[in-house]
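Asks: Below you'll find the structure I mean.
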Amino acid sequence: MRIGLIGTGRIGTFHSAALSRHPEVTSLVVADADPVRAAGLAARTGAVPAPSVDDVFTIGVDAVVITAATSAHAELIATAARAGLPVFCEKPIALDLPGTLAALAEVEAAGTVLQLGFQRRFDAGYAAAREAVRSGRLGRLHTVRAITSDPAPPPAAYLPLSGGLYRDCLVHDFDILRWVTGREVTEVYATGSDTGPAMFREAGDVDTAAVLLTLDDGTLATATATRCNGAGYDVRMELAGELDQLAVGLDDRTPLTSAEPAGPAAPVKPWPGFLERFAPAYEAELAAFVEVVRGDRANPCDGREALQALRIAEACELSRRERRLVRMDEITAG
């Protein structure tokens, strides 16, 4: 199988290494808006550099992996769809609902495949939590707590392009909440704080956020995120039911120290970032995409799933701006 990869930044470099190791990928073609950077990655991984991004769609690949800048996602998805090519794309499809819906319409009109990169669906802990909820082992689920904490803020130049903390960061929690519980969000109340570095205020963003979400069966969920968690990279989910409780992301590298005299000490080697924490999940989602392209499995995360997570993020932004509860039926999905 010959795969084209567009975007050779940090996540593109990581994905190119994983694809190069995959036994079913016989050739990898890499491209970037900066051809020199693409050529450098190709030299390091044994891939073939494409002269330009447009050439990827005519060079004879079987599928495309998009890890380019977010602003380019929707158009690249549409171009691939018109070329009849299956696509794996890092989230998001676009930073707004109209752009997302337009790209999805292109995919659906072409009858092609679009798999979105919500890697937590391929993490062993989240998969175990899903099974525990779906099997009834926890009993009636009444409370879910989701946490995403980055150890340090991204570059200031990234913030205006990111879509904000809800769309860029918490969207992962919104997706995995739906995937683990099998329920839909009916309403949200969101708030945020911009009292950290000034660059967040200048970008109209927040560095810390909290959301209360009500699910369609009455389960209550909270989701919190921050860009300023100096202890390390912390991504967890706690699920509490009438029979038992379960935690995802709680291990000897979780950047959490107990205040109890007999509690566990601070981790010796806390998680430094998302690539290290979710490395197996990233590999697994690409392996799944190869299986999808071969026709050996159904799409595990199609574009409509990503749309639902974005709708929740949009509801959170509206809630934060207007300081009120927002029902999900206020956020149209086309």
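Asks: Hey, could you check segment 57-71 for residues that are within 26 Å of ALA157 (Cβ to Cβ) and surrounded by 17 or more Cβ atoms within 10 Å (Cβ to Cβ) and say which is modelled with the lowest pLDDT?
Replies: The selected residue is THR70.
Asks: Looking at segment 183-193 only, could you name the residues that are open to solvent by less than 60 Å² (accessible area, probe 1.4 Å) and among the acidic types (Asp, Glu)?
Replies: GLU187
Asks: Which of the residues that make up segment 209-261 are closer than 13 Å to SER149 by Cβ and without any contact (Cβ under 8 Å) to a residue 40 or more places away in the chain?
Replies: Those that are closer than 13 Å to SER149 by Cβ and without any contact (Cβ under 8 Å) to a residue 40 or more places away in the chain: ALA210, THR254, LEU256.
Yes/no matrix, rows are residues, columns are (1) in a strand (DSSP E or B); (2) closer than 19 Å to LEU310 by Cα; (3) of a type in the set (Val, Ile, Thr):
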{"residue": "VAL107", "(1), (2), (3)": "no, yes, yes"}
{"residue": "ALA128", "(1), (2), (3)": "no, no, no"}
{"residue": "GLY139", "(1), (2), (3)": "no, no, no"}
{"residue": "THR143", "(1), (2), (3)": "yes, no, yes"}
{"residue": "PRO154", "(1), (2), (3)": "no, no, no"}
{"residue": "LEU161", "(1), (2), (3)": "no, yes, no"}
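Asks: From the list LEU85, LEU116, which residue is closer than 21 Å to ALA287 by Cα, assigned to a strand (DSSP E or B), in contact with an Asp or Glu (Cβ under 8 Å, 6 or more places away or on another chain) and in contact (Cβ under 8 Å) with a residue 24 or more places away in the chain?
Replies: LEU116
Asks: Those residues that are among the β-branched types (Val, Ile, Thr) and either more than 10 Å from ALA225 (Cβ to Cβ) or out of contact with any helix residue (DSSP H, G or I) (no Cβ under 9 Å at 6 or more places or on another chain) (or both), I need them from segment 139-170; list them, please.
Replies: Of everything in segment 139-170, those that are among the β-branched types (Val, Ile, Thr) and either more than 10 Å from ALA225 (Cβ to Cβ) or out of contact with any helix residue (DSSP H, G or I) (no Cβ under 9 Å at 6 or more places or on another chain) (or both) turn out to be THR143, VAL144.
Asks: Further question on the same structure: For segment 41-77, which residues satisfy the criterion of being in a loop (DSSP other than H, G, I, E, B), closer than 23 Å to VAL290 by Cβ, of a type in the set (Gly, Ala, Ser) and without any contact (Cβ under 8 Å) to a residue 40 or more places away in the chain?
Replies: The answer is GLY46, and nothing else.
Asks: Given LEU95, LEU28, which one is outside any helix (DSSP H, G or I) and either at pLDDT below 95 or β-branched (Val, Ile, Thr) (or both)?
Replies: That would be LEU95, the only listed residue that is outside any helix (DSSP H, G or I) and either at pLDDT below 95 or β-branched (Val, Ile, Thr) (or both).
Asks: Looking at LEU5, LEU19, which one is open to solvent by less than 70 Å² (accessible area, probe 1.4 Å) and in contact with a His (Cβ under 9 Å, 6 or more places away or on another chain)?
Replies: Of the residues listed, the single one that is open to solvent by less than 70 Å² (accessible area, probe 1.4 Å) and in contact with a His (Cβ under 9 Å, 6 or more places away or on another chain) is LEU5.
Asks: Further question on the same structure: Just checking, does segment 36-52 include any residue being more than 16 Å from ALA306 (Cα to Cα) and within 24 Å of the chain's Cα centre (by Cα)?
Replies: Looking for residues that are more than 16 Å from ALA306 (Cα to Cα) and within 24 Å of the chain's Cα centre (by Cα), one finds at least one in segment 36-52, hence yes.
Asks: Could we say that SER135 is surrounded by fewer than 19 Cβ atoms within 10 Å (Cβ to Cβ), closer than 26 Å to ALA313 by Cα and among the small types (Gly, Ala, Ser) here?
Replies: So SER135 does not fit the description; no.
The values are calculated or read from the model by the stated rules, or taken from the named source; none is laboratory data. It should be emphasised that the depicted structure is a prediction, and the values quoted were computed from it without experimental measurement. With ideal geometry, Cβ positions are generated from the backbone for all residues, glycine too; neighbour counts draw on all protein chains shown. SASA here: full protein model, heavy atoms, side chains in, ligands and nucleic acids out. Shrake-Rupley method; radii C 1.70, N 1.55, O 1.52, S 1.80 Å.
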